[in-house]
């Protein structure tokens with residue numbers, strides 16, 4: 001029974017941004033009903049899988065939910081959605097608002113049957129600007145927000161994308177906060193409202209909060225950018241036998257580092273004597289660190305830096321992180337038995353509460369797995385449920401067929 005127990009959410013989102021947000025809300029205890037198209041969320045098809053439609057990307061963004069698939073272009077399917085929304089606290093979607101209007105599911109349509117609902121739209125762009133109707137994907141937002149430019153600055157001069165769906169997940173978490181704030185308002189006033197969470201504006205703020213720099217001022221003091229973060233040698237450092245992640249930041253840490261490594265010459269150098277001086281000469285300083293770290297093995301550096309109280313961590317790959325001693329001690333990774341997929345590795349809810357414990361009890365569902373129970377809860381009779389299946393207004397639960405590949 002997590003802190004959001006009793007909150008009901010109708011989740012019309014697909015792919016990653018919206019599903020990641022609603023998974024988080026579900027992890028916190030909300031009852032999340034994932035409304036999929038008849039063919040299902042496209043992420044069901046991504047990655048290696050034991051059964052069709054149950055890929056790892058879907059499994060890791062859709063736990064803590066129940067699934068029903070609807071043909072929203074049919075009157076019967078739309079009526080099911082509205083009946084679910086009538087008893088819901090939140091409706092969340094990530095198609096363009098014009099598409100919701102065409103389905104006759106605009107805010108005005110939904111608020112007419114449930115005036116206290118939080119009607120949350122996750123879009124590529126703010127709906128009051130010229131980009132309002134543009135499609136948006138994670139790659140596009142990494143480029144347009146300045147993130148790809150940052151990678152060009154510290155790499156070979158060519159813009160690149162961060163190799164993870166960073167924009168989708170950053171905006172998804174921003175949506176969680178905005179939805180919770182809206183629920184607080186609704187609980188206090190009894191009135192719902194429309195909520196728009198745009199990717200472009202969110203990511204622009206995310207990137208520029210570090211890198212607006214001198215462009216913060218008018219007239220500008222520089223061309224923007226936080227020099228330390230953009231230093232080409234700010235990266236995991238190569239050792240004799242691997243790599244290590246280290247940050248030496250404040251005066252105490254630098255003095256400890258110079259002493260532990262016997263580099264009194266660097267400590268005496270006025271370029272590196274103060275915080276301000278180090279920032280001015282950060283490229284030269286970090287390049288020197290790169291040379292220093294090549295002189296010992298990773299294990300030797302770990303011992304030396306821990307003893308000197310200097311922040312240091314292993315540089316994990318996808319397999320070694322599964323053996324991390326801290327994550328093992330906190331039971332972050334747990335092997336669980338999925339009803340259809342067998343043994344899978346699940347990641348713990350990171351936030352922890354003393355009274356309202358949030359535990360992952362419901363793993364990612366098969367397509368329309370919970371259709372019958374959701375419809376019964378909404379007040380449909382057995383005969384009505386059968387008719388909805390028969391007309392394909394509601395998709396039948398997927399029968400599993402083993403993937404022989």
**OP:** Could you check, for the range 72-95, whether at least one of its residues is under 25 Å from the mean Cα position of the chain (by Cα), in the same structural domain as residue 135 (by TED's automatic domain parsing) and closer than 26 Å to residue 345 by Cβ?
**Re:** no
Subject >> Meets criteria (within 27 Å of residue 40 (Cβ to Cβ) and out of contact with any strand residue (DSSP E or B) (no Cβ under 7 Å at 6 or more places or on another chain)) for residue 345 >> reply: no
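Out of all the residues in the range 384-400, is one or more exposed (fewer than 12 other Cβ atoms within 10 Å of the Cβ) and either at pLDDT 95 or above or touching a strand residue (DSSP E or B) at 6+ places or on another chain (Cβ under 6 Å) (or both)?
Kept after step one, since they are exposed (fewer than 12 other Cβ atoms within 10 Å of the Cβ), are these residues of the range 384-400: 390, 399.
Keeping just the survivors that are either at pLDDT 95 or above or touching a strand residue (DSSP E or B) at 6+ places or on another chain (Cβ under 6 Å) (or both) gives 390.
So far as the range 384-400 goes, yes, one or more of its residues are exposed (fewer than 12 other Cβ atoms within 10 Å of the Cβ) and either at pLDDT 95 or above or touching a strand residue (DSSP E or B) at 6+ places or on another chain (Cβ under 6 Å) (or both).
With free of Cβ contacts under 8 Å to residues at least 12 places away in the same chain and either under 26 Å from residue 165 (Cα atoms) or assigned to a helix (DSSP H, G or I) (or both) as the only criterion, which of 101, 76, 111 stands out? Give the steps one after another, and end with the answer.
Details: 76 fails: free of Cβ contacts under 8 Å to residues at least 12 places away in the same chain; 111 fails: free of Cβ contacts under 8 Å to residues at least 12 places away in the same chain.
One residue alone meets the criteria, 101.
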**OP:** Considering (1) surrounded by fewer than 16 Cβ atoms within 10 Å (Cβ to Cβ); (2) within 25 Å of residue 37 (Cβ to Cβ); (3) in contact (Cβ under 8 Å) with a residue 60 or more places away in the chain, say which one residue 369 fails and leave the rest.
**Re:** (1)
**OP:** Scan (1) assigned to a helix (DSSP H, G or I); (2) within 27 Å of the chain's Cα centre (by Cα) for the single condition residue 389 breaks and write down its number.
**Re:** (2)
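Among the helices (runs of 4 or more DSSP H) lying completely within the range 268-348, list those that include at least 1 residues that are more than 30 Å from residue 58 (Cβ to Cβ) and touching a residue at least 24 places away in the same chain (Cβ under 8 Å).
275-280, 282-293, 298-307
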**OP:** Kindly check whether there is at least one residue in the range 352-368 that is more than 23 Å from the chain's Cα centre (by Cα) and closer than 22 Å to residue 44 by Cα.
**Re:** yes
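Residue by residue, here is whether (1) in a helix (DSSP H, G or I); (2) surrounded by fewer than 21 Cβ atoms within 10 Å (Cβ to Cβ); (3) in contact with a helix residue (DSSP H, G or I) (Cβ under 9 Å, 6 or more places away or on another chain) holds:
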position	(1), (2), (3)
4	no, no, yes
24	yes, no, yes
44	yes, no, yes
54	no, no, yes
57	yes, yes, yes
62	no, no, yes
82	yes, yes, yes
**OP:** Could you tell me whether residue 108 is under 14 Å from residue 14 (Cα atoms), surrounded by fewer than 18 Cβ atoms within 10 Å (Cβ to Cβ) and in the same structural domain as residue 190 (by TED's automatic domain parsing)?
**Re:** no
**OP:** Would you please name the residue that is nearest to residue 301 (Cα to Cα), looking only at residues in the range 262-277 that are out of contact with any helix residue (DSSP H, G or I) (no Cβ under 6 Å at 6 or more places or on another chain) and surrounded by 13 or more Cβ atoms within 10 Å (Cβ to Cβ)?
**Re:** 263
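If I filter the range 212-234 down to residues being part of a loop (DSSP other than H, G, I, E, B) and in contact (Cβ under 8 Å) with a residue 60 or more places away in the chain, which single residue comes out as surrounded by the fewest Cβ atoms within 10 Å (Cβ to Cβ)?
Pass one, the range 212-234, residues part of a loop (DSSP other than H, G, I, E, B): 212, 217-226, 231-234.
Restricting the remaining residues to those that are in contact (Cβ under 8 Å) with a residue 60 or more places away in the chain gives 225, 231-232, 234.
Numbers: 225: 18, 231: 18, 232: 12, 234: 16.
For the range 212-234, the residue satisfying everything is 232.
The values are calculated or read from the model by the stated rules, or taken from the named source; none is laboratory data. Keep in mind that what you see is a predicted model, and the values were worked out from it rather than measured. For neighbour counting, all protein chains shown are included, and Cβ atoms are generated from backbone atoms with ideal geometry for every residue, glycine included.
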